[in-house]
Amino acid sequence: MEIDQEIEKTAFDVVRRYIAAINAGDEEGVRDAFNFPHFRIGLGGRVIHYPDASTNPLANFREKTLTDGWHHSEVDKLEALATFPGKAHIGVHFRRLREDGSEIGAYYSLYIITEVDGHWGIQGGSGTGT
């Protein structure tokens, strides 16, 4: 499958915007990086569903990472697995780190990034993180 370079760039920008918003504790930025309804599938098939933008996905993330000393995340690699008009599947390899730079863990997520009413955002994801 040929990767559309323009869609790839747009999708990578969405992921970078999302990680920057998480790292900054920017609730509105996280919402802006999503399209709704939004879903996450975690390990063991646990599904989190955010039906609309009135939910706070950042609060859920913070609750899940509170006990491990999470300070920020860093993306190690982005890979466009597939692109379609208005949608991309992006593999994201990232690490979660403490304030002193020590690693909590390395993770992988698949993000489904969509264009809805002209807005590109993460519509869903599945990964090995919390």
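Tabulated data
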{"quantity": "Interchain or long-range residues, amide H under 5 Å from H71's placed H", "calculated": "L97, R98, E99"}
{"quantity": "P(r) weight above 15 Å for region 69-125, C-alpha pairs, percent", "calculated": "55 percent"}
{"quantity": "Simple Cβ-charge dipole of the chain, Lys/Arg +1 and Asp/Glu -1, about Cα centre, in debye nearest 20", "calculated": "420 debye"}
{"quantity": "Euclidean distance of C-alpha centroids, region 28-71 and region 72-130, integer Å", "calculated": "12 Å"}
{"quantity": "Estimated FRET transfer efficiency when R0 is 22 angstrom, pair T67-L43 (beta carbons, to 0.05)", "calculated": "0.85"}
{"quantity": "Most positive-pole-ward Cα, A21, P85, V47, against dipole of region 5-127 from beta carbon charges", "calculated": "V47"}
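Only the coordinates and a few stated rules stand behind these numbers; no lab work does. Because the structure is a prediction, the values reported are computed rather than measured. Heads up, the Cβs are rebuilt from the backbone with ideal geometry, glycines too, and the neighbour counts pull from every protein chain shown.
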